[in-house]
1. Considering only segment 41-67, state which residues are in a strand (DSSP E or B) and either in contact (Cβ under 8 Å) with a residue 40 or more places away in the chain or among the charged types (D, E, K, R) (or both).
2. Any residue at all in segment 182-193 that is small (G, A, S), closer than 24 Å to W149 by Cβ and touching a Gly at 6+ places or on another chain (Cβ under 8 Å)?
3. Give segment 68-91 a look and list any residue that's surrounded by 14 or more Cβ atoms within 10 Å (Cβ to Cβ), outside any helix (DSSP H, G or I) and without any contact (Cβ under 8 Å) to a residue 60 or more places away in the chain, or say none.
4. S214 is checked against (1) touching a residue at least 40 places away in the same chain (Cβ under 8 Å); (2) open to solvent by less than 40 Å² (accessible area, probe 1.4 Å); (3) in contact with a Lys or Arg (Cβ under 8 Å, 6 or more places away or on another chain) and fails just one. What number does that condition carry?
5. Please specify each residue of segment 101-129 satisfying the condition of being part of a loop (DSSP other than H, G, I, E, B) and within 24 Å of I178 (Cβ to Cβ).
6. Determine the pairs where a residue that is assigned to a loop (DSSP other than H, G, I, E, B) and at pLDDT below 90, located within segment 17-40, has a partner that is surrounded by 10 or more Cβ atoms within 10 Å (Cβ to Cβ) and not small (G, A, S) with Cβ atoms under 7 Å apart, the partner being 6 or more residues away or on another chain.
7. Consider I204 against the criteria (1) among the aliphatic types (A, V, I, L, M); (2) open to solvent by less than 30 Å² (accessible area, probe 1.4 Å); (3) in contact with a strand residue (DSSP E or B) (Cβ under 9 Å, 6 or more places away or on another chain): it satisfies all of them except one. Which criterion is unmet?
8. Taking A151 as meeting all but one of (1) small (G, A, S); (2) over 19 Å from D218 (Cα atoms); (3) open to solvent by less than 50 Å² (accessible area, probe 1.4 Å), write down the number of the exception.
Amino acid sequence: MQFRIHLIRLLLVCAFALDILAPAAADEIWQGLESGDLVAVETTGPLATFLKQATGSRLTHIGIMRNTGGGPYIIDSTPQEGVFEADIEAFIARGIAGHYAVYRFDGLEHPAQENHPAIKAAYDHHYLKPYDPFFRRETSTFYDAELIWTAYAEAGAELGEFQRLRDLGADTPEGRAIFLHDWRHNPGCKSTASAGFEACWERILDHKIITPASILRDPRLRRVHSTFPGER
């Protein structure tokens, strides 16, 4: 009986200690991440399904991290908010099961007291710009991977390669549903609008996009952290 009492007391002390240590562990989880790191998650929905099939990668949404006094924030572009930022927990919550991966480009040196060049480009030139539902390569609107490519390109590093939608296997009913919606307003179809949606679709298929997977496969990037099973 005395042994049982001591055992119960020990378990209670351990449980209490874990409760005390848990916040500290949570605070330390982001240590080692740096401003300018690319954070990617696996999302759901038609576009995510297309990207997974087209690229063979589960990573379908991407943003750039910046460290702040209030913790890490991620700047990205979403249909709901356009180019905006969220704390890292909110960003990761957009993904499946809370998994995420972090990649780093080491080729952009900058003074410690200054913002990372890609962060500076994103905030100075593109913050609050609207989302690009047509996935066009221009700088007045942005989808997520295009924002990251542009910010790094303006900082001096072009990551990944643009690929034609045709080459990514977009010529399917699912691809049409994603990229041919509202086709009459698609800037790439203005010259073919009178010829109908098939002519528009042929033009769209030759349009090039940048994907999260293409960026993250750039050999100059290195993965510094991943919570996906088998990828730590």
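1. Step one: list which residues in segment 41-67 are in a strand (DSSP E or B), which gives 41, 61-67.
Across segment 41-67, the qualifying residues are V41, H61, I62, G63, I64, R66.
2. Within segment 182-193, the first condition is being small (G, A, S), and the residues that meet it are 188, 191, 193.
Filter again for closer than 24 Å to W149 by Cβ, leaving 188.
Then drop every residue that is not touching a Gly at 6+ places or on another chain (Cβ under 8 Å), which leaves none.
Within segment 182-193, not a single residue is small (G, A, S), closer than 24 Å to W149 by Cβ and touching a Gly at 6+ places or on another chain (Cβ under 8 Å).
3. Start the filter on segment 68-91 by keeping residues that are surrounded by 14 or more Cβ atoms within 10 Å (Cβ to Cβ), which leaves 72-78, 82-89, 91.
Okay, now just the ones that are also outside any helix (DSSP H, G or I), so 72-78, 82-87.
The answer is P72, Y73, I74, F84, E85, A86, D87.
4. It is condition (3) that S214 fails.
5. Correct list: K129 only.
6. W30/P72; W30/I88
7. Result: I204 passes all but (3).
8. (2)
The values are calculated or read from the model by the stated rules, or taken from the named source; none is laboratory data. Computed from a predicted model, the values in this text were never measured in an experiment. As a convention, Cβ positions derive from the backbone with ideal geometry for all residues, glycine included, and neighbour counts pool all protein chains shown. These area figures cover heavy atoms from the full protein model, side chains too; ligands, DNA and RNA do not enter into them. Shrake-Rupley method; radii C 1.70, N 1.55, O 1.52, S 1.80 Å.
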